[in-house]
Amino acid sequence: VHDAILDSSMAMTNAIAQLIRAATASQQEIVAQGRGSSTKAAFYKKNNRWTDGLISAAKAVAVATNNLVETADGVIKGTRSLEHLVVAAREVSAATVQLVAASRVKSQLYSKTQERLELAAKAVTEASAHLVRATQRLSEKEEENRQAEDFDKMSNLEFKSKEMDQQVMILKLEKDLVGARRRLAEMRRHGYHAEEEDGSF
């Protein structure tokens with residue numbers, strides 16, 4: 001039942017591999033064109049803010065990719081939900097945008113390697129969107145199967161009881177959603193603050 005999810009995850013992993021290769025080529029070109037007669041170490045030291053940003057972006061892609069693979073495996077094994085997979089795919093897309101932006105800062109205008117990096121990033125974004133759509137379709141199908149009840153056969157009392165249960169569930173989910181969004185905002189503020197402190201040394 002999860003073949004579509006597995007295929008989409010594999011396609012995204014392949015797209016990420018192409019992205020990493022393109023990012024490496026772009027980095028090598030930037031260093032070669034920017035260092036002149038100096039050494040690579042001297043170039044990285046002189047451009048330490050860019051270097052730190054690029055390293056951070058590359059690490060973010062690696063972490064997000066690893067999480068995506070583990071999450072896809074968890075979905076197949078039944079230990080992770082389809083919603084986890086959607087979040088993991090979106091994290092990969094966000095990290096990809098960060099990596100491309102970091103590379104673009106120092107890239108030459110009309111650079112072929114940067115162009116290939118941009119195309120590779122687009123492929124990752126498209127693969128992520130495809131994975132999310134496949135996951136959502138599967139999730140909707142599973143939900144339909146769970147909710148496949150013959151309401152016509154229920155008594156008025158049973159129907160009213162079910163209806164009230166659904167209203168209570170919606171209220172609880174809405175409350176949980178507000179709380180989850182608040183916690184996520186606090187986590188992101190803390191993350192930005194931590195990055196600023198790291199960059200101050």
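The values are calculated or read from the model by the stated rules, or taken from the named source; none is laboratory data. All of these numbers come straight from a predicted model, not from anything done at the bench. Positions of Cβ are generated from backbone atoms using ideal geometry, with glycine treated the same way; all protein chains shown enter the neighbour counts. In case anyone asks, the SASA skips ligands and DNA or RNA and just uses the protein heavy atoms, side chains included. Shrake-Rupley method; radii C 1.70, N 1.55, O 1.52, S 1.80 Å.
Table for the structure above
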| item | result |
| --- | --- |
| Alpha-carbon radius of gyration plus Dmax, which is the widest Cα pair, for the chain in Å | 22.8, 85 |
| Residue 139-residue 33 FRET efficiency (beta carbon distance; Förster radius 45 Å; 0.05 resolution) | 0.45 |
| Isotropically averaged projected area of segment 45-122, using the convex hull of Cα atoms (one quarter of hull area), nm² | 5.7 |
| Net charge contributed by nearby residues that have their C-beta within less than 13 Å of residue 89 (K/R +1, D/E -1) | -1 |
| Neighbourhood net charge (15 Å Cβ-Cβ; Lys/Arg +1, Asp/Glu -1) for residue 7 | -1 |
| Carbon and sulfur %, accessible surface of segment 72-172 computed with the full protein complex present, 1.4 Å | 56 |
| Highest-fluctuation residue, 51, 65, 39 considered, GNM on the chain with Cα pairs under 10 Å | 39 |
| Accessible area (Å², per residue) of segment 67-107, counting only protein heavy atoms and a probe of 1.4 Å | 50 |
| Tilt relative to the chain, helix 3-35 - C-alpha long axis, 0 to 90 degrees, to 10 | 20 |
| Student exercise, the chain dipole from Lys, Arg, Asp, Glu Cβ charges, in Debye to nearest 20 | 1200 |
| Residue 170/residue 45 FRET efficiency (R0 41 Å; Cβ-Cβ; nearest 0.05) | 0.15 |
| Pairs from 77/153; 46/112; 122/175; 59/172; 141/162 whose Cα-Cα separation, in the structure shown, is over 30 Å | 77/153; 122/175; 59/172 |
| Amide H contacts under 5 Å for residue 80, placed H, 5+ residues apart | 75 |
| Rg in Å to one decimal, and Dmax rounded to a whole Å, for segment 16-80 via C-alpha atoms | 16.6, 56 |
